[in-house]
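Structure first, commentary second.
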């Protein structure tokens, strides 16, 4: 048994096993001895670690002289070197070359995946920009419509510096709101738009005054409105306006 283990260790069988260059019979032989012999198992682990380390250190460039020897030097069965050290060295460099190509391929695949992910991000951003452009065109088309009437809601005694523009279109039965200036309010409060219809204040919706200061936002529309009014209400809005907080108003 010891003699057979010694023969295995002194041959190139274990190097070829690590490289996958063995027959089925040789593979079974190595697997069997690996489970029985600590020396065989440790040698295999050292070979695997050495090949991995050599691959990482030499994956970019292999000396030209070594390339020439690998690619050009004939190795017929009659001319094959007798020295097992030379054979082992050749196998190691061949492993470096193969693993170098593998590492390079993995690196290129990672670059391709990275480019693909970047392209997907760009496409998503372009899609969002297109949507925003479409919304902007629609807002501008509504504002510039011949039937759209801009109305300026002036500030009240509660907030004399307030100013809000309402774009009112009776033909399209739609309106948009743009904030020129409104006082800051607590997070648990909200601005709410009301329409006075036959003496009753009806809800046209709450709005984010910060968002509406950037661009016009759509609000609800009601026929026969006599005035438009903005009050400060509790978060989520109210069913009936708190007229003591009236901030801006305009008669239609």
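None of the figures in this text is laboratory data; all of them are computed from the coordinates on show. Just so it is clear, the model here is predicted, and its values are computed rather than measured. Methodologically, a virtual Cβ is constructed for each residue, glycine included, from the backbone with ideal geometry; neighbour enumeration extends over all protein chains shown.
Order by neighbour count: 191, 167, fewest other Cβ atoms within 10 Å first, most last. All intermediate terms of the calculation are to be shown ahead of the outcome.
On the way: 191 25, 167 21.
Placing the least packed residue first, the sequence is 167, 191.
Give the distance, in whole Å, between the Cα centre of the range 8-48 and the Cα centre of the range 170-205.
A separation of 82 Å, based on Cα centres.
Test of understanding: ordering 17, 152 by Cβ neighbours within 10 Å, fewest first, what list do you get?
Exposure proxy ranking, most exposed first: 152, 17.
Would you kindly calculate the mean projected area, averaged across all directions, of the convex hull enclosing the Cα atoms of the range 148-251, in square nanometres?
5.9
Residues of the range 217-252 with amide nitrogen under 19 Å from the 7 Å Cα-to-Cβ point of residue 157?
Within reach of a label on residue 157: 229-232, 242-251.
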